[in-house]
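To start, the structure itself, in structure tokens.
The values are calculated or read from the model by the stated rules, or taken from the named source; none is laboratory data. Since the structure is predicted, the reported quantities are computational estimates derived from the model, not experimental observations. Don't worry about glycine lacking a Cβ; one is built from the backbone with ideal geometry, like all the others, and counts go over all protein chains shown.
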Amino acid sequence: MVVAISGATGFIGQALMKKMRDLGWSFRLINRDSFLKPDKEFLDESIEGSDVVINLAGAPVSRKWTDAYKQEILDSRVLTTRKISTAISQAQRKPAVFISNSAIGIYDSVNTHTEESTAFSDSFLAGVCKAWEQEALNSAAFTRVIIFRCGLVLGADGGALKKMHFPFSIGLGGKIGNGSQPVSFIHIGDLVDAMLFAIENHAICGVVNAVTPYPSFNAEFSDRLAKVLDQPCWLTIPAFMVRMMYGEGAEILLEGQKVLPEKLEQAGFRFKYPTIQNALVKIYG
């Protein structure tokens, strides 16, 4: 199996490639320089003859959003996905499947969401996700397209937990705001397995919610993390402080989405770490 993958050096990309190497799959790495190449060169080097294309590229969202950085968040997702979709449409031997990342930030913070939900947020991040997904879906006439709307991805080697570990490990962890915001999450191992499951299950296409069946909420998540690290959880980070630090990007921490993985469950996928306790104990226990 030949896999063309962008964002391979990121948290998800590294874990996914490790598992695929164990399966004996080979890779074509799509990096920033690849996206700068002329369309024909990009097609020949990255897409033509690949069995699977996986798009994980995108600038991190967990920092302060200036106008310039918001443009980078958008361009790093939309323009790269457009380049891949265009190449897929032009390939003589097209990939069997194209997996493109997205985020549950597309949904509003009021409703409970399955893949059928159309209750989308009107936030900047939701707008990015809509444009991002549409670029991937433009290649649906040429290959099977799967959009993974990822929740909070948990693992020791990256993502939010890597940043949270130190303050929580010395007893300085706590809830954010009132702590009532939903936290729909997935353990990195389950995410990798879900992606492999989707590649091999030809009936899966379109949007897939990459979250566990049991969403948490911020206060519970903070409390469980502190307990697993054998520390108290007594602090509250005020909402105004989060807004001062992250600007408009604070919405990621102060709002949340309650999301369910209906499509994965109906297809028979089984989560190894379905609850926040399962996931955190696996990582730190």
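What pairs come up if the first residue lies in the range 102-114 and is closer than 24 Å to Ala267 by Cα and crowded, with 16+ Cβ neighbours inside 10 Å, the second is at pLDDT 95 or above and among the aromatic types (Phe, Trp, Tyr), and their beta carbons are under 6 Å apart, counting only those six or more places apart or on different chains?
Taking only residues 6 or more apart or on different chains, the pairs are Ser102/Trp132; Ile106/Phe120; His113/Tyr107.
Can you tell me which of Gly247, Gly256 is touching a residue at least 60 places away in the same chain (Cβ under 8 Å), crowded, with 19+ Cβ neighbours inside 10 Å and among the small types (Gly, Ala, Ser)?
Among Gly247, Gly256, only Gly256 is touching a residue at least 60 places away in the same chain (Cβ under 8 Å), crowded, with 19+ Cβ neighbours inside 10 Å and among the small types (Gly, Ala, Ser).
Looking at the range 220-248, which of its residues are more than 30 Å from Ala68 (Cα to Cα), among the small types (Gly, Ala, Ser) and touching a Phe, Trp or Tyr at 6+ places or on another chain (Cβ under 6 Å)?
Ala226
Any chance you could count how many residues in the range 112-170 are in a loop (DSSP other than H, G, I, E, B), β-branched (Val, Ile, Thr) and farther than 15 Å from Gln257 by Cβ?
Matching residues across the range 112-170 total 2.
Just to check your reading of the model, which residue among Arg82, Arg28, Arg32 is of a type in the set (Lys, Arg), closer than 24 Å to Arg149 by Cα, surrounded by 14 or more Cβ atoms within 10 Å (Cβ to Cβ) and free of Cβ contacts under 8 Å to residues at least 40 places away in the same chain?
The conditions single out Arg28.
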